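Participant: My questions will all concern the structure given below.
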Amino acid sequence: MASITIRNLDEATKQLLRERAAHNGRSMEEEVRHLLRDSTQAPVSFPAEPAAASGSPEIFDPLELDGKRILLIITGGIAAYKCLDLIRRLRERGASVRPVMTEGARAFITPLVVGALANDKVFLELFSREDEQDVGHIRLARECDLVLVAPATADFIAKMALGLANDLASTIVLASNRPLLVAPAMNPIMWAAPALQRNMQQLRADGVHVIGPMRGEMAESGEAGTGRMAEPLDIVAAVRGLLAGTPGTIKGPLAGKRAIVTSGPTHEPIDPVRYIANRSSGKQGHAIAAALAALGAQVTLVSGPVTIADPAGVTTLHVETAREMLDAVEQLLPTDIAVMVAAVADWRASGAAGEKIKKKPGKAPPPLQLTENPDILKTVGHHAKRPALVVGFAAETQNLIDNARGKLQRKGADWIVANDVSPAKGVMGGDRNHVRIVSRSGVEDWPEMDKTSVAARLAQKIADRFETTEV
Ligand code: CTP
């Protein structure tokens, strides 16, 4: 095998290596070993279809799930068809997939196609003499590294929350002592139903990991909202994250440190159907949460409404409004690190209407009265339980540095990551960012790069700060 001395690499290559290592949660030496092994042993594979839609990298390591055994429980929802792609994605990364299908799942896809893609027997019945002699539900539950339920219907989630065991899939879930990841998928009204949300709370309290659902168009025509199953590549990333280590257990330079990250926009209701929002996608904040976790930090992400998946290895709390975001953040204090990336709405409608505001023919439109929202960064920057390192963002369209310096001072932050959000720059909602880091000691101008790289570099800068300073 070839060898490389990191010390002898030029600065730019070292930086790229540092970012790649941070992204993959490895030390630089481990990253070099992976690169060398891949180049000498296995060809790098490209997925058959572009992966950009889910924001995942296009190049993958064909050994990243090498030897991992995934027990995939498919329950009965339209999203079951996405499992066929999911099985392929898991297997091309080296995992084996053992499928279990509920009766409902069989109404959407056939065991024949699932078995063919998984290259394994499909388990269907609890009281099948043949299956029980073959493997048995207890062995199915234990002979795997992770149990994945995708899609998870409202009915199956309710069974899990109650601990029912009246078919093979629910019995396996109850009998398993392996990490459990569920990818809910259902109609948005069902997802929002109080009973369903109660069940989800129970699952989270029971230590079940959840990915999605996401916002977007539903299969039912004309319906949109939160309920779509997370994309297969995002589920694969979550599986990888869980198998790499439970949140906060990665041994990196930020091991033992706790971090809060806010991300996405907030939605401020005007009435039950209308709200004030902004164009933030959450991509930058979510990437920062993932990058801090990859360096070993125990990260809680407080996210406003976004359409991207929860990052793996991070605990994600979902909120709607600025006041909910502030409550969630304050409850998490004290922590070592706070990175406030969210594009919090500065104002909310004074006294949101309880009923839909109706047009009154011949009358002027109703005035929209605004009230200022609490400033979360400022509250945290001046809090009695202030984190040792407080990082804010500044979204500006003019006087970038001056405005960022003003925010640094006013909000009690240690650093402000300033970015120009003029529409021509395409930062809000886009994949790239050009940032300046403004602190009391000066301004660092970073080259334009993708948001994942900005996140990796910022996480490394945070780790360096904790290494060199008593904070
Ligand atoms: N921020 C916050 N709570 C608010 C407003 C902003 O926590 N109510 C945080 C953002 O997360 C970001 C920083 O403050 O880290 C700056 O946000 P930005 O939108 O750039 O500035 P504003 O304070 O909203 O001021 P302005 O809109 O006047 O530029």
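The values are calculated or read from the model by the stated rules, or taken from the named source; none is laboratory data. Please read all numbers here as calculations on a predicted model, not as lab measurements. Virtual Cβ from ideal backbone geometry, glycine too; neighbours counted across all protein chains shown.
Participant: Inspect all residues belonging to segment 370-386 and state whether any of them is part of a loop (DSSP other than H, G, I, E, B), surrounded by 15 or more Cβ atoms within 10 Å (Cβ to Cβ), at pLDDT 95 or above and more than 9 Å from the ligand (Cβ to nearest atom).
Facilitator: Yes, segment 370-386 contains at least one residue that is part of a loop (DSSP other than H, G, I, E, B), surrounded by 15 or more Cβ atoms within 10 Å (Cβ to Cβ), at pLDDT 95 or above and more than 9 Å from the ligand (Cβ to nearest atom).
Participant: Look at Ala185 and say whether it is under 23 Å from the mean Cα position of the chain (by Cα) and touching a residue at least 60 places away in the same chain (Cβ under 8 Å). Give the derivation first.
Facilitator: On the way: under 23 Å from the mean Cα position of the chain (by Cα): yes; touching a residue at least 60 places away in the same chain (Cβ under 8 Å): yes.
The answer is yes for Ala185.
Participant: So, in segment 411-428, how many residues would count as being near the ligand (Cβ under 10 Å from one of its atoms) and either touching a Pro at 6+ places or on another chain (Cβ under 6 Å) or more than 18 Å from Val344 (Cα to Cα) (or both)? Steps first, please.
Facilitator: Of all residues in segment 411-428, those near the ligand (Cβ under 10 Å from one of its atoms) come to 411, 413, 416-419, 421.
Filter again for either touching a Pro at 6+ places or on another chain (Cβ under 6 Å) or more than 18 Å from Val344 (Cα to Cα) (or both), leaving none.
Matching residues across segment 411-428 total 0.
Participant: Can you name every residue in segment 387-396 that is near the ligand (Cβ under 9 Å from one of its atoms) and either of a type outside the set (Val, Ile, Thr) or surrounded by fewer than 17 Cβ atoms within 10 Å (Cβ to Cβ) (or both)? So that I can check it myself, show each step before the final result.
Facilitator: Taking segment 387-396 and keeping what is near the ligand (Cβ under 9 Å from one of its atoms), we get 391-396.
Matches in segment 387-396: Gly392, Phe393, Ala394, Ala395, Glu396.
Participant: For Ile308, state whether it is within 23 Å of Glu217 (Cβ to Cβ) and in contact (Cβ under 8 Å) with a residue 40 or more places away in the chain. Give the steps one after another, and end with the answer.
Facilitator: Values: within 23 Å of Glu217 (Cβ to Cβ): yes; in contact (Cβ under 8 Å) with a residue 40 or more places away in the chain: yes.
The answer is yes for Ile308.
Participant: Being within 9 Å of the ligand (Cβ to nearest atom) and touching a strand residue (DSSP E or B) at 6+ places or on another chain (Cβ under 6 Å) is the filter; apply it to segment 397-410 and report the residue that is nearest to Ala338 (Cα to Cα).
Facilitator: Lys407
Participant: What tally of residues in segment 321-352 results from selecting those that are more than 11 Å from Ile260 (Cα to Cα), within 14 Å of the ligand (Cβ to nearest atom) and of a type outside the set (A, V, I, L, M)? Can you show your working first?
Facilitator: Within segment 321-352, the first condition is being more than 11 Å from Ile260 (Cα to Cα), and the residues that meet it are 321-327, 342-352.
Pick out the ones that are also within 14 Å of the ligand (Cβ to nearest atom) and you get 321-327, 342-348.
Right, trim to of a type outside the set (A, V, I, L, M) and you get 321, 323-324, 327, 346-348.
Result for segment 321-352: 7.
Participant: How many residues, within segment 304-357, are more than 18 Å from Asp271 (Cα to Cα) and part of a strand (DSSP E or B)?
Facilitator: Residues meeting the conditions: 9.
Participant: Mind checking which residues of segment 415-429 are closer than 15 Å to Val341 by Cβ and either of a type outside the set (Phe, Trp, Tyr) or touching a Phe, Trp or Tyr at 6+ places or on another chain (Cβ under 7 Å) (or both)?
Facilitator: At the first step, the residues of segment 415-429 found to be closer than 15 Å to Val341 by Cβ are 415-419, 421, 427-429.
Result: Ile416, Val417, Ala418, Asn419, Val421, Val427, Met428, Gly429.
Participant: Something else: Any chance segment 395-404 includes a residue that's among the charged types (D, E, K, R) and under 19 Å from Ile376 (Cβ atoms)? Reasoning before the result, please.
Facilitator: Within segment 395-404, the first condition is being among the charged types (D, E, K, R), and the residues that meet it are 396, 402.
After this cut, where a residue has to be under 19 Å from Ile376 (Cβ atoms) as well, the list is 396.
Yes: one or more hits.
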